[in-house]
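First comes the structure, then the notes that go with it.
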């Protein structure tokens, strides 16, 4: 599917006069053989003010119909519902803290996946790369010994680098060998986990520097450092995505890679960078998990990529690329968490959570499709 | 007056197929030149050689009177030569202003610019100015291009090229997919572009359209320029005759 198949969903027909905006500036439909050339229009101050006002109205309308806002509504409803069911326990600080903690590590990976998906890529390998990163980091840390913060710093660097290596691999295979991202990262999903198992013989590494314990229990404003770390990653990720040229190129490539190429953007190099970001953040998430649980968790991340991709898609990141907000991913990631937590405290089988998430995901993507096909008639 | 771009005896072969057999071509600043010809006459190939997409096998290209070898489309772009592709090459999810600045984003002043932060407001303002000065009906600089009509999309693609074209714009069938009214809008835009001093090379199949907007018409047949007319001195019949070889066109 090319970008312009997407664009051509429903071309507005000017001749029917349905597109009023398009009709306002034209001259009268006079003799076709004469191309009327009026003097170039000059932008007056009044015009500029009117344009700015119109822009505000349109911006508000776009915001109101955006997926993140809709999903924020869903999140509020879910929260209110479970609060009504369990007024004492569900909205308590301890429980909210739990939910934040549960989401934090996945959220770091979601930042990377957001970039990749906005560029119309895909990454299934993040859960395995997380395990690979934490295993390599744990091995290196126990290898160099030491219990202090510097050993942790080394671990962080190693975990990120280990993730970047898989990102390089994914990006290289996808851009140079032209293997589709779904298959490439499905392959590295297996391969990265396999290598991690080989390194540990399938057993978890429990040898973690003492400093990890103090980080895991340390708090700022009542919240764990793990949560704050995720906040920092999300904020930086969001700023880079929405304010910088790097972020803009990510959107352009996801929207129409050929247009990006013709405009002189090095598409392959950019995509490789994005897979490296996803990989590096997954490795970093591995280190966060290692600190939180003070052990590697080689068997515990088989569904991470599905959870993250679900959350990101719920947040309005288009599966076809070119559309998305970082805040959307944040909101999307909390929906599974809140559902899970709420259902557990409601004594509903946690299996229902999977059913509910699946259905919400399908519903969200359906709504997104509807909006795409309707955007021609504002 | 020296033509802005002049091609002399351009030859291009694809394998054993001679697509261009010594084509001459020229265009001056502020002039709209239509390039017409039957399918396979070599119009697209000629434009590709003149816009750096492919390298000619022979002949000479002069830009502002100076011999020049265009190594790539990006090279041409840097020289002030832009191309409006038939498929427009727009990013449908992005707005007109964002599309206008793909690959040429403006940075903010000072330290924020050094961090790679782009100046969205300034880009939107300049794009809006350019769009208005060309008299296009694209109003919403933020709406995704996919939500615009075909004519508006065409306008976005043309404006984007014109914003950056200091010398010359190639347009490959810019009205091919448009209705009558939209076509007229696009032709108006093309005329305005030329009036701003930019040279325009228009590839088209539509004879009456060509005669409306072009100052000059160059006709290609079987890889050669067979005729060159001022559009005031020619009618559709003569053009068709030159294209098909029924008439022997004599350069005007």
Q. Once you wrap a convex hull around the alpha carbon atoms of segment B:117-165, what is its projected area averaged over all directions, in nm²?
A. 3.6
Q: Just report the Cα centroid separation between segment B:108-157 and segment A:323-364, whole Å.
A: 37
Q. Which shape class, rounded, prolate or oblate, goes with segment A:261-336 when its Cα gyration tensor gives a ≥ b ≥ c as root eigenvalues, a/c under 1.5 marks rounded, and past that a/b bigger than b/c marks prolate?
A. oblate
Q) Given the alpha-carbon gyration tensor of segment B:87-218, what are the semi-axes of its equivalent ellipsoid in whole angstrom, ordered largest first, with each equal to the square root of 5 times an eigenvalue? A) 29, 16, 12
Q: Compute the Kirkwood hydrodynamic radius of segment A:105-158, taking the inverse of the mean of 1/r over all pairs of distinct Cα atoms, and give it in Å to one decimal.
A: 12.6
Q. Once the Cα gyration tensor of segment B:20-167 is diagonalised, what are the square roots of 5 times its eigenvalues, in whole Å and ordered largest first, as equivalent ellipsoid semi-axes?
A. 31, 19, 13
Q | segment A:132-214: relative contact order as a whole-number percent, Cα under 8 Å and 6+ apart | A | 47
Q. Averaged across the residues of B:196-204, what count of C-beta atoms belonging to other chains lies within 10 Å of each residue's C-beta?
A. 0
Q.
For q values of 0.15 Å⁻¹, compute log₁₀ I(q)/I(0) with the Debye formula on a Cα-only model of segment B:152-244, without solvent.
A. -0.59
**Q.** When the convex hull of its Cα atoms is projected in every direction, mean area for segment A:50-171 (nm²)
**A.** 12.8
Q) How big is segment A:300-361 in terms of Cα radius of gyration and Dmax, in angstroms? A) 12.3, 40
Q.
So if I take the alpha carbon set of segment B:201-248, get Rg, then get Rh from the Kirkwood formula, what is the Rg over Rh ratio?
A. 0.91
Q.
Please compute, for the alpha-carbon atoms of segment A:222-349, the extent along each of the three principal axes and give them in descending order in Å.
A. 55, 30, 30
**Q.** Relative packing of A:146-155, A:212-221, A:278-287, B:40-49, which averages over residues the other C-beta atoms within 10 Å, highest first
**A.** A:278-287, B:40-49, A:146-155, A:212-221
Q) Can you give the angle from 0 to 90° between the axis of helix B:120-133 and the longest principal axis of chain B, with both taken from C-alpha atoms, to the nearest 10? A) 40
Q | Viscosity 1.002 mPa s, 20 °C: Kirkwood-radius Stokes-Einstein D of segment A:215-283 over Cα pairs, µm²/s | A | 154
Q.
Calculate log10 I(q)/I(0) of the protein assembly as shown for q = 0.06, 0.09, 0.11, 0.12 Å⁻¹, where I(q) comes from the Debye formula with a single equal point scatterer on each Cα and nothing for solvent.
A. -0.42, -0.82, -1.06, -1.18
Q) How much space per residue, in cubic angstrom, does the convex hull of the C-alpha atoms of segment A:86-229 take up? A) 145
Q: Compare the peptides B:76-88, A:130-142, A:170-182, A:100-112 by average per-residue count of other Cβ atoms within 10 angstrom and give them in order, highest first.
A: A:130-142, A:100-112, B:76-88, A:170-182
Q: Take the Cα gyration tensor of chain B, multiply each eigenvalue by 5, square-root it, and list the three semi-axes largest first, rounded to whole angstrom.
A: 33, 21, 15
Q) With a ≥ b ≥ c the root eigenvalues of the C-alpha gyration tensor of segment A:177-239, is it rounded (a/c under 1.5), prolate (a/b larger than b/c) or oblate? A) oblate
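Every number here is computed from the coordinates shown, using simple stated rules; none is lab data. All values derive from a computational prediction rather than experimental measurement. Reconstructed Cβ throughout: ideal geometry from the backbone, glycine too, with neighbour counts over all protein chains shown.
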